[in-house]
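The values are calculated or read from the model by the stated rules, or taken from the named source; none is laboratory data. All values derive from a computational prediction rather than experimental measurement. Glycine gets a Cβ as well: all are built from the backbone with ideal geometry, and neighbour counts include every protein chain shown. The accessibility values were calculated without ligands, DNA or RNA, using every heavy atom of the protein model including side chains. Shrake-Rupley method; radii C 1.70, N 1.55, O 1.52, S 1.80 Å.
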Amino acid sequence: IAIDSPSPEHCVEAMKFANKPGIINSVSMQSGKIETVFPVIGKPENEEWGCIALLSDDKGSPAEADGRIELLRQILEQADKYGIAHDRLYIDPLVETLGTSPESLLTFDECCRKIKELDPALHITSGLSNISFGLPVRKVINFAFMALAMEAGMDSCIIDPLARDLRGVIYATDALLGEDEYCGEY
């Protein structure tokens with residue numbers, strides 16, 4: 001289960017109703033978010049909870065990958081402070097729509113590669129369809145973005161689980177990247 005709310009207080013409160021650990025969506029370097037969520041998921045009884053961390057702060061998301069990686073370093077510092085293992089974090093570099101940000105994929109790709117260089121245990125996630133917002137035939141852009149983002153290191157994303165063709169792209173990309181032994185899953 002993913003508990004998703006812009007209110008970190010609501011996310012923490014909702015954890016009490018979950019039958020098993022899930023993922024909190026989300027924290028960032030925006031005031032109050034990490035300070036509310038990390039102390040709770042850092043407790044030993046919550047050590048199986050994951051958390052999505054957005055690479056943004058009170059000013060938004062930096063335009064350049066290096067600025068986003070600096071925010072990641074701050075997030076990791078806080079995770080370490082609360083004893084949260086890095087493999088429990090799902091880093092969202094915040095892909096922008098291609099229609100207004102032509103460098104969107106390139107920035108996302110650079111972020112993914114730098115995240116994996118910094119710590120391979122970190123997960124990378126994305127709201128996949130954000131890349132195609134406002135464009136025609138969005139699914140074609142989404143399919144291409146999925147394959148390219150996976151190659152750059154993205155290992156999870158928010159998608160429509162009923163989108164059979166998109167799931168096919170995931171299986172095919174895993175096979176092409178050597179992540180599916182003898183194409184067993186494909």
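Tabulated data
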quantity	calculated
Residue within region 134-152 that is open to solvent by less than 30 Å² (accessible area, probe 1.4 Å), touching an Asp or Glu at 6+ places or on another chain (Cβ under 7 Å) and not acidic (Asp, Glu) present	yes
Any hit, region 79-91, residues being within 18 Å of the chain's Cα centre (by Cα), at pLDDT 95 or above and more than 21 Å from residue 27 (Cα to Cα)	no
Only listed residue being of a type in the set (D, E, K, R), surrounded by fewer than 17 Cβ atoms within 10 Å (Cβ to Cβ) and within 25 Å of residue 46 (Cα to Cα), chosen from 181, 77	77
In region 45-69, the residues that are in a loop (DSSP other than H, G, I, E, B) and either open to solvent by less than 40 Å² (accessible area, probe 1.4 Å) or under 24 Å from residue 117 (Cα atoms) (or both)	49, 61, 62, 63, 64
Hits in region 100-128 (condition: open to solvent by 50 Å² or more (accessible area, probe 1.4 Å) and within 18 Å of residue 61 (Cα to Cα))	100, 102, 103, 106, 110, 113, 114
Contacts under 7 angstrom Cβ, first residue in region 162-186 being closer than 16 Å to residue 140 by Cα, partner part of a helix (DSSP H, G or I) and of a type in the set (S, T, N, Q), 6 or more apart	166/142
Contacts under 8 angstrom Cβ, first residue in region 67-84 being closer than 18 Å to residue 120 by Cβ, partner open to solvent by 10 Å² or more (accessible area, probe 1.4 Å) and acidic (Asp, Glu), 6 or more apart	76/119
Count of residues meeting criterion [of a type in the set (Asp, Glu), part of a helix (DSSP H, G or I) and touching a strand residue (DSSP E or B) at 6+ places or on another chain (Cβ under 9 Å)] in region 71-107	1
Qualifying residues in region 1-34 (those that are in a strand (DSSP E or B) and free of Cβ contacts under 8 Å to residues at least 60 places away in the same chain) - the one most open to solvent (accessible area, probe 1.4 Å)	4
